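Taking it in order: structure first as structure tokens, then the write-up.
Read-outs throughout are calculated quantities, based only on the coordinates presented, and are distinct from any laboratory measurement. These numbers come from a predicted model, not from an experiment. Cβ placement follows ideal geometry from the backbone for every residue including glycine, while neighbour counts extend to all protein chains displayed.
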Amino acid sequence: MALTKEHVVSAVAEASGYSRNQAVELVETLLELIKSELVSGEDVLISGFGKFCVKKKRERRGRNPATGEDMMLAPRRVVTFRCSRQLRNKINEPQ
């Protein structure tokens, strides 16, 4: 099961003692801050967790799978995530 924003809000409210509305505002503010940095092309580094990076993809040749027609795909930016060494080690610990 995936971790949803709802689960994060509930966990923040429970762990911090904040009201549900305060927890929603806190999580929304954090996510908006991360999104605005990524939109502006900046990387987001969260120590002990990982790094979100904005990478530029060049224009490239592609193919429409339905028709088989060749086409040029426009350049775009994508977000990648690289987890920290601490997180990687924790994930790979024997259970």
- request: Before anything else, pin down the relative contact order of the chain: Cα pairs under 8 Å, at least 6 apart, normalised by residue count, whole percent.
  value: 20
message: How compact is the chain by the rule of thumb for globular proteins, expressed as Cα Rg over 2.2 N^0.38 Å?
response: 1.52
- prompt: Per the helix-only calculation at 222 nm, which mean residue ellipticity applies to the chain, given -39500 (n - 2.57) for every DSSP H run of n ≥ 4 and division by its residues, nearest 500 deg cm²/dmol?
  reply: -13000 deg cm²/dmol
- line: Cross-link reach from K55 to lysines, straight Cα distance under 18 Å and at least 8 residues apart if same chain, gives K35
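Give, in nm to one decimal, the length gained when the segment between A66 and V78 is fully stretched (0.36 nm per residue of separation minus the Cα-Cα distance).
Contour length minus Cα-Cα distance gives 1.9 nm.
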Karplus 3J(HN,Hα) series, Hz, for region 53-65 with 6.51 cos²θ - 1.76 cosθ + 1.60 (x for Gly, Pro): 10, 9, 10, 9, 9, 6, 5, 8, 7, x, 9, 6, x
query: Packing-wise, with mean Cβ within 10 Å as the measure, how do 58-66, 20-28, 72-80 rank, highest first?
result: 20-28, 72-80, 58-66
- prompt: Under a 5 Å amide H to amide H cut-off, with H placed in plane at 1.01 Å, what residues pair with S84 once short-range neighbours are removed?
  reply: F49, G50, K51
- request: Would you mind telling me which residue in V39, V12, V54 has the biggest mean-square fluctuation in a Gaussian network model of the chain, where springs connect alpha carbons within a distance under 10 angstrom?
  value: V12
